[in-house]
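Everything below concerns the one structure shown next.
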Amino acid sequence: MKCLRALVVVLILVVPVMAQKSLVLPPDRIVDLTYAFDANSVYWPTAEQFKLETDFEGMTDKGYFYSAYRYSAAEHGGTHLDSPVHFAKGRYTVDQLPLEQLMGPAIVIDVTEKCATNSDYLVSVADFENWEKRNGKIPAGTIVLLRTGFGKFYPDRKKYLGTEERGAEAVAKLHFPGLDPAAARWITTSRSIKAIGLDTASIDYGQSTLFESHRALFEKNVPAFENVANLDQLPPKGFSVIALPMKIKGGSGGPLRIIALL
Ligand SMILES: [Zn+2]
């Protein structure tokens with residue numbers, strides 16, 4: 001009995017502390033960083049587009065409404081996650097990514113001005129250093145979001161990708177900003193981040209042929225979020241991100257629902 005009373009006292013004292021530590025839901029504001037998937041979703045010129053077909057939609061003969069659809073698409077298109085195995089043998093597949101790596105405090109590095117006059121802009125080490133001069137060192141465990149401003153063009157393929165053509169020959173005509181491979185190496189060696197994302201179709205810029213930023217990040221098991229929406233609605237720091245991809249067993253990536261909690 002004494003033991004039980006002690007337990008109750010412990011619970012009364014400890015439980016509120018645990019509650020304080022846990023996430024407050026819903027937060028003041030939630031920003032959806034995800035584009036809806038439809039026939040206009042932006043996919044790589046060589047990838048299968050998102051397709052939604054109707055299995056049934058309407059009144060059944062028993063008098064109730066029923067709808068069901070089926071979808072198909074490549075892993076890499078629309079708002080999606082690139083898992084490290086996409087460019088690094090033996091690294092995490094999408095189902096292997098630890099959940100704690102897909103949520104946490106996040107920052108936005110805004111390079112909109114530079115990208116407005118240069119659609120081949122590479123986000124540089126200097127851009128990270130400038131952010132740090134104003135906001136302090138990027139803390140370990142941060143999720144980094146790069147805002148190029150190209151999100152405002154989505155899903156206009158001509159403006160967003162540089163070409164609306166499809167097929168293998170369109171790839172050389174892609175023009176959009178991305179992460180400088182030197183900056184990818186810097187962020188994965190000089191800092192310790194959980195993940196990185198941006199508002200273009202690829203973490204490497206459109207003109208990349210060797211995908212060196214993908215390779216540098218994924219070698220270190222740092223996943224990338226691509227075609228991230230609504231980065232203009234986020235502050236430079238002081239918010240959290242939750243980014244949960246479809247759990248495709250053995251997948252190299254997949255559709256992503258990503259949100260910011262402010
Ligand atoms: Zn991808």
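The values are calculated or read from the model by the stated rules, or taken from the named source; none is laboratory data. These numbers were taken from a predicted model, which means no experiment stands behind them. Counting neighbours? That spans all protein chains shown, and the Cβs are built from the backbone with ideal geometry, glycine included. The area values use the complete protein model at the heavy-atom level, side chains included, leaving out ligands, DNA and RNA. Shrake-Rupley method; radii C 1.70, N 1.55, O 1.52, S 1.80 Å.
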Quotient of Cα Rg and 2.2 N^0.38 Å for region 19-70, N being how many residues it contains: 1.94
Per residue value of the accessible surface for the chain (all protein chains in place, 1.4 Å probe), Å²: 53 Å²
For the chain, built as a Gaussian network whose Cα springs stay under 10 Å, the top-fluctuating residue of 53, 129, 212: 53
Whole-number Å³ per residue for the convex hull built on Cα positions in the chain: 200 Å³
Chain lengthening between residue 113 and residue 211 when straightened (0.36 nm per residue, less Cα-Cα): 32.9 nm
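How large is the helix-only mean residue ellipticity at 222 nm for the chain, computed as the sum of -39500 (n - 2.57) over DSSP H runs with n ≥ 4, divided by its residue count, in deg cm²/dmol to the nearest 500?
Calculated mean residue ellipticity at 222 nm is -6500 deg cm²/dmol.
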Computed over region 25-106: relative contact order in percent, which uses C-alpha pairs under 8 Å that are six or more apart: 22 percent
Cross-link table 194/237; 114/152; 137/237; 159/220; 51/194; 152/220, entries beyond 23 Å C-alpha to C-alpha: 159/220; 51/194; 152/220
Trypsin sites (Lys or Arg not before Pro) restricted to region 85-150 and DSSP loop, no more than 15 other C-beta within 10 Å: 89, 137
Of 170, 184, 195, the one that fluctuates the most in a GNM where the chain has Cα springs shorter than 10 Å: 170
Most mobile of 246, 103, 59 in a GNM of the chain (Cα contacts under 10 Å): 59
For region 135-213 versus region 94-130, the gap between their alpha-carbon centres in whole angstrom: 7 Å
Dipole of the chain, positive direction: furthest Cα of 235, 87, 101, with charges on the beta-carbon: 101
Candidate aspartates and glutamates for bridging to residue 247, where Cα separation is under 15 Å - those fewer than 8 sequence places away on the same chain excluded: 75, 82, 95, 100
Candidates per trypsin sites (Lys or Arg not before Pro) in region 221-262, loop by DSSP, up to 13 other Cβ within 10 Å: 247, 249
Accessible-area value, residue 117, 1.4 Å probe, nucleic acids and ligands omitted, Å²: 130 Å²
Gain upon complete extension [residue 192, residue 54; 0.36 nm per residue less C-alpha separation]: 45.2 nm
Share antiparallel - DSSP beta bridges, region 20-176, percent rounded to 5: 65 percent
Under the span-like rule (Cα at least 18 Å along the axis, Kyte-Doolittle mean at least 0.5), DSSP H helices of the chain: 2-21
Summed side-chain charge close to residue 218 - residues other than residue 218 whose Cβ falls under 9 Å, Lys, Arg +1, Asp, Glu -1: +1
Simple spin-label estimate for residue 100 and residue 129 in nanometres, 7 Å along Cα-Cβ: 3.3 nm
Protein accessible area in the chain, 1.4 Å probe - carbon and sulfur %: 57 percent
